[in-house]
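Beneath this line is the structure, given in structure tokens, with notes to follow.
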Amino acid sequence: MNAERIKENKIPLDKNTWHEILSEMRSAFFNNRFDDYFSFLSGCYMSEKEISERNDFYLSLAAMISRHLRMTPQIIGAYPYLNYLSEDMAAAGGEDLVKAASVLSSACERASKRLEEKDAKKPAALFAKPGAIEDAGAFIEKYRASVESLFIEELDKKWFLEGDIDSTLALICELFHLERAEAEAVTSLWFNNKADFNQIVNWFLDDFCFLLRSAEENEWIKIFCRLALAYGYESANFYSYQAEAGFKLRDYPAVIELVSALEKKYKITPFLEHLKCFSLWQVSKTRECMSIIRRRLENDPRDILAALLAGDVLLSLSMFEPALKSYAYAYHIEPTAADILYSLARGFHACYFAAQTDLCAKKAMAADPASAGYFKFGVELYIKCDEPGAKALLDGKNAGDCPVCIRGVKEGTHVIEWLTADGKKKRLETELKDGFIHKFKYIPDMKKVEREESRDGDITVYRNSAAVRLEELLADYLVEDLDKLPKPAIDEFAGAAVLGAMR
């Protein structure tokens, strides 16, 4: 079939010819035979009734032309009549035709706008996407067997992209409509013999997942990366993007699995290793986490994230001495950074070393005045009762049986309540200060509450079966000038003795 015949006879009703017509148009497009291409288009202008009778053809035609406009917007300049086609399709009625007409009209508008702009190059952008996915597993199963369906039925119809990535999406969808040998030939031509079809699909998925990463679409990242790997498109990024997304979603077991799989094939980045370390801590594999931290510090003694994470891990285990030394080590790497100073302050605060806590906070605020509002120590709250069996509530929520200790309470106004075993109730509204220890004891017989407020505390640890005050163990760290703070060796907070003492 040739262009003149179509132009003369219009689009026939015989459905068997429709695929041939669309294939001829694609061939004309990819081989720059635009006179033939426009001749085919001339045969597509028909009455509303005729369009309705050829419904499926026009749906495919509109999708194809829309993709061609996204790849080559110059078409609208050379053939400015495509809007008439979209108007005729809309007038023909029918939900599918109206929707397809809208897609074509939008593609014409975007192509015209690109021609008007002096710089046609636009950065990749995501403008619209489907709503939140309800069943990721079902979505993956739906498209696992067919990358073609993923592109044509999902990406091309439901995602709205901008820039080169959108042109590539349109190209790939069009190539899926060609025979494989023809698709490979077109790919080779368009990419100067530097890529095959599988490579451009791989590149697109990689770029698309990077775009999703920029948009914080973490659930979608996991889905598309898993599909890419299922299709056999091997790339380190399909693991790393997933790991990062899983970390943001607090799916720590998945992070560990992905990074572990990746490091068997590639040398992983320090960032990914840090995500794995943090995730190991979150799933209570603290010894493995600390072993990696030690190795990281041996490889790079200035790995400040490793030192800070060591402090956080040890502090969570109430291993105050090595925790403070971890923060002190980090301080000597970046002694003027506000966030490092606050981490050190948190270590001192946990040990009840108020003077040193204030030294760190003062220096941090001098380095970054705005940081004062972001770094808080929390309140250590004790609720007691003079009668056994009393229950405590904080802000209406059950806090447990007295006596209770709650750490990390936010500063501000709070309501404390006591419910005694014999039904007595006491309600107290009080102000709690950040960084302070607040103790409240209810004495039902006297109908009063005793309270204490301080920053003083004392921690006793055991060394060689003997009780030792933490203040004595860390005497060298109780400095009045942070410049005189000792710099510990790595073994002092991440050595074998410390790891052996971990629970």
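Miscellaneous remarks
- Table column - 3J(HN,Hα) (Hz), region 412-424, Karplus curve with 6.51, -1.76, 1.60, x for Gly and Pro: x, 7, 9, 10, 10, 10, 10, 10, 7, 4, 8, x, 5
- Degrees between helix 197-214 axis and first principal axis of the chain (Cα, 0 to 90, nearest 10): 40 degrees
- Cross-link partners for Lys194 among the lysines, with Cα-Cα distance under 26 Å and sequence neighbours closer than 8 places in the same chain left out: Lys121, Lys122, Lys265.
- Under 11 Å, Cβ to Cβ, from Gly163 - net charge with Lys/Arg +1 and Asp/Glu -1: 0
- For Lys15, a cut-off of 20 angstrom between C-alpha atoms picks up these lysines, skipping any fewer than 8 places away in its own chain: Lys7, Lys49.
- Rg over Rh for region 128-273 works out to 0.97, using Cα positions for both radii and the Kirkwood form for Rh.
- A straight Cα-to-Cα reach below 23 Å connects Lys362 with the lysines Lys325, Lys376, Lys410, Lys433, Lys484, Lys487, residues fewer than 8 places away in its own chain not being considered.
- Charge tally in the Cβ shell below 15 Å around Asp491, where Lys, Arg are +1 and Asp, Glu are -1, Asp491 excluded: +2
- Around the amide H of Val468, modelled in the peptide plane, lie the amide H atoms of Val461, Tyr462, Arg463, all under 5 Å away and 5 or more residues distant in sequence or on another chain.
- Interchain or long-range residues, amide H under 5 Å from Ala399's placed H: Ala392, Leu393, Leu394
- Region 117-173 and region 312-384 have Cα centres spaced 46 Å apart.
- Ordered from longest to shortest, the equivalent ellipsoid semi-axes for region 3-117 are 21, 18, 11 Å, each the square root of 5 times a Cα gyration tensor eigenvalue.
- For region 379-454: span of alpha carbons on each principal axis (Å, largest first): 34, 22, 17
- Dipole magnitude for region 379-454: computed about the Cα centre from +1 point charges on Lys and Arg Cβ and -1 point charges on Asp and Glu Cβ, it is near 160 debye.
- Burial ordering of Cys108, Cys385, fewest other beta-carbon atoms within 10 Å first: Cys108, Cys385
- Phi angles of region 289-306 translate, via the Karplus equation with coefficients 6.51, -1.76, 1.60 and θ = phi - 60°, into HN-Hα couplings of 4, 5, 5, 5, 4, 4, 4, 4, 6, 5, 6, 9, x, 9, 6, 5, 5, 5 Hz per residue; Gly and Pro are given as x.
- Over the chain - Rg/Rh using Cα atoms and the Kirkwood inverse-distance radius: 1.17
- For Val409, the residues whose amide H sits under 5 Å from its own are Val379, Leu381, ignoring neighbours fewer than 5 places away on the same chain, with H placed 1.01 Å from N.
- Cysteines having no other Cys beta carbon under 4.7 Å from their own, within the chain: Cys44, Cys108, Cys173, Cys209, Cys225, Cys277, Cys289, Cys351, Cys360, Cys405
No lab work stands behind these numbers, since they all come straight from the coordinates. Since the model is a prediction, treat every value here as computed from it, not as a measurement. Virtual Cβ from ideal backbone geometry, glycine too; neighbours counted across all protein chains shown.
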